[in-house]
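Shown next, in structure tokens, is the structure this report addresses.
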Amino acid sequence: MHAPAANALKIDGVSKSFNDVHAVKSCSLEVRQGEIISLLGASGCGKTTLLNLIAGFELPDSGTIQLGGRDITVVPPHQRRTGMVFQHYALFPHMTVQENILYGPKVQGASIEGLAAEMAGLLKIEALLQRYPSQLSGGQRQRVAVARALAVKPEILLLDEAFSALDRNLREEMQIELSLLLRRLGITTILVTHDQREAFSLSDRIAVMDGGQIGQIGSAKEVYRQPASSFVFGFLGSSNRMSGSVVARNNAVTDLRIAEGLILRCNAPGRALGSEMCVGVRAESVQLARQPTAVHRSHPATVSLATFLGQTVRSVVQIEGLSVVSETIAAADIELPVAGDLVFLDIAETAVHVLDNPGVPL
Amino acid sequence: MTQAVRRSGPVAAMRWDGWLPWLWLLPATIVLAPFFFMPLLLLFRNSLNRDDAVALMVPDFTAANYIKALTDPFYLELFSNTIGAALLVAITATVIAYPFAFFIARYARRSLSLVIWAVYMPLFVSVIVRVFGWMIMLADSGLLNNLLLRAGILATPLRLLFEVDGMLIGMIHRYLPLAILPLFNAIQKIPDELYRASSNLGATPVGVIRDVVFPLSIPGVAIGLQLVFAGALSDFVLPQILGSSRFRMLAPAIYTEATTNMSVAMAAALAVLMLVFIIITLAAVSVLLRRFAPWARSV
């Protein structure tokens, strides 16, 4: 029906305000057939509003939404053919699992022959079909909610914080299972989440949202390693912000004095000597050494707190009143940092992100 | 840890744990036992006595009053009148209450407390006062007839006051809050997500109400029906003041039996039968609810 490269969903310049609050500001997004995209952002960033606009629970003030080539901007929700999995699953308490799954196809007048068994098989809930939602565990409810959404054969699956109500272990298990299932079925999916781990582990591309706008869209690696803005950098992972003055410049590289003995080199051309710059470094890029390093030649820093997290150790290091967070691998044969240690920081040039680059919207 | 401590703790403490919570029932028991359960038992005992024209109530142990009440056409008409009117009032009040409750539960945002207060308001006003209000409205030369006559809708006034019609109107008004409040409560508890889920799955707005809102509000419907039915069945004031002497209702009849006819035992038997009717109806609704809404117990 569609050309292979066709967009399953095309959002063009969509805006939505509630009273004076601009929940979504001219967002544009194209989702390819079979792609899984996460809308990632803090609460209030507009990601849920954008999802509600796609489902039709809200109507945009401006812009258009196309689903499978059809303009659905003002189509009422029941005619949109989207399948939504709600944050609290929204199972109908007065219907059994089977009735919940078959509800959509029934009201749409579609065939339900063998459908309950098929959906139950996909989500491994065959034994639960005759139960009521109140008799199910959280994980089972989520499976039923996904089965119910898939039963209407939606053109796009919408997951609204669908894992947030689950315990951590169960959540990761469900994420893996659902990721495999959605890829196997090749169903286009939009996932709304505030959890970076969830977005990274499930999706092909991630749209990082802030203040009603999509700040950056790309693969997990792209948004993590090449953040397009200082917000995207700060939102993903745990990061340090440092500022310093330019002490040397050479073609494309600039040396920045952060503290006595600590001079970071970064890829930022065209800075005047002595000017102030702000850079960011992720915690895992800050290595701790016992000996002076290329960037930290003298005046060692002091470890003020070292927390063992299993795979890593998170240390807070004090250097001239600046707190720097470092996350290092905690292998069994490595001597781990402890509070009071004197250490030297080692930060690679490629790990230094320039955060304020006037003129160039990074 | 706590388990072990509790088991090895003093035996006296365990006994306290067992019956201490029941102490909360003590104040209610002190009031209810002498002033409700005792009179009820006395009433039942009286119903087994015999009425005598001269000696008034004669101690006896007979079911004669019950047999008479359940076979004599005079009393049977009384029961059918009363149960019929109570059913009609309960169903009509629920039908009127439903859209209103749905509206306030779903759409009244800022006005919610005002509207709820308006629903409660009549309950703060003595029923006698409200009855006189209805008399002014329903009389042959009252407000309603006046309006209808002037508008040319009627040629002769409708006879409402001192008729079954006026009594039913008054009863529906009196018990409407008891139908609205449980319905409002039930509809308000339905989360927004369920409306959205239903429409997301393809249900039209009417379908959402039919498939989700109505079934989930059934426990509220049942409670409202029970409250209104029990109230209307045992109502004394409205049949007595607004009603007709040609359409006899149970509560005024019991009063007449006990005072005018001096048949205290017969009056007691009728009162016990009224209580039994109410208990049977309440039980029947509960059984139906369990049968047709098995999910409701665990919601």
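Brief remarks follow.
- For chain A, a Kirkwood hydrodynamic radius built from all Cα pairs, placed in the Stokes-Einstein relation at 37 °C and 0.692 mPa s, yields a translational diffusion coefficient of 142 µm²/s.
- Counting only protein heavy atoms and a probe of 1.4 Å, the accessible surface of the stretch A:181-279 is 46% carbon and sulfur.
- q = 0.07, 0.11, 0.15 Å⁻¹: log10 I(q)/I(0) that the Debye formula gives for chain B, counting C-alpha atoms only: -0.42, -0.91, -1.24
- Globularity index of the stretch B:193-299, i.e. its alpha-carbon radius of gyration over 2.2 N^0.38 Å: 1.60
- Cα-Cα pairs of the protein assembly as shown separated by more than 31 Å (percent): 70 percent
- Formal net charge of residues neighbouring A:Lys47 (Cβ-Cβ distance under 15 Å; K, R +1; D, E -1): -3
- Restriction of the trypsin sites (Lys or Arg not before Pro) in the stretch A:276-318 to DSSP coil positions whose beta-carbon has at most 16 other beta-carbons within 10 angstrom yields A:Arg290, A:Arg297.
- Calculated accessible area for the protein assembly as shown comes out at 51 Å² per residue, all protein chains present (probe 1.4 Å; ligands, DNA, RNA ignored).
- Highest-first arrangement of A:228-235, B:42-49, A:153-160, B:59-66, where packing means the average Cβ count within 10 Å: A:153-160, A:228-235, B:42-49, B:59-66
- Taken residue by residue and averaged, Cβ atoms of other chains lying within 10 Å of the Cβ of B:61-71 number 0.
- Pairs of lysine residues in the protein assembly as shown - Cα separation under 15 Å, sequence separation of 8 or more or cross-chain: 4
- Over the residues of chain B, the helix contribution to mean residue ellipticity at 222 nm works out to -22500 deg cm²/dmol, using -39500 (n - 2.57) for each DSSP H run of at least 4.
- Charge context of A:Val24, other residues only, Cβ under 13 angstrom, K/R +1, D/E -1: -1
- Minimum 30 Å² accessible area buried by the other protein chains, the stretch B:182-208 residues, probe 1.4 Å, relative to alone: B:Glu193, B:Leu194, B:Arg196, B:Ala197, B:Ser199, B:Asn200, B:Leu201, B:Gly202
- Per-peptide average of other Cβ atoms within 10 Å, ordering A:66-77, B:267-278, A:180-191, A:269-280 highest first: B:267-278, A:180-191, A:66-77, A:269-280
- For the stretch A:53-131, the Rg and Dmax computed from alpha carbons only, in angstrom: 15.2, 46
- Here the accessible area of the stretch B:218-268 is 65 percent carbon and sulfur, with a 1.4 angstrom probe and all protein chains present.
- With contacts taken as Cα pairs under 8 Å at a separation of at least 6 residues, chain B carries a relative contact order of 26 percent.
- DSSP-assigned coil residues among GluC sites (Glu not before Pro) in the stretch A:18-127, each with at most 10 further Cβ atoms within 10 Å: A:Glu113
- Secondary-structure-derived ellipticity at 222 nm for chain A, considering helices only, amounts to -6500 deg cm²/dmol, per-run term -39500 (n - 2.57) for DSSP H runs with n ≥ 4.
- Interface residues of the stretch B:276-296, defined as those with an accessible-area decrease of at least 40 Å² between the chain by itself and the complete set of protein chains (probe 1.4 Å), are B:Trp295.
- Chain-alone versus full-assembly comparison, the stretch A:94-122, residues with accessible loss of at least 40 Å² (1.4 Å probe): A:His94, A:Tyr103, A:Val107
- Excluding ligands, DNA and RNA and using a 1.4 Å probe, chains A and B jointly bury around 2000 Å² of accessible surface, summed across both partners.
The values are calculated or read from the model by the stated rules, or taken from the named source; none is laboratory data. What you see is a predicted model, and the numbers here were worked out from it, not measured in a lab. We place every Cβ from the backbone using ideal geometry, glycine too, and count neighbours over all the protein chains shown. Heavy atoms of the whole protein, side chains included, go into the accessibility calculation; ligands, DNA and RNA do not. Shrake-Rupley method; radii C 1.70, N 1.55, O 1.52, S 1.80 Å.
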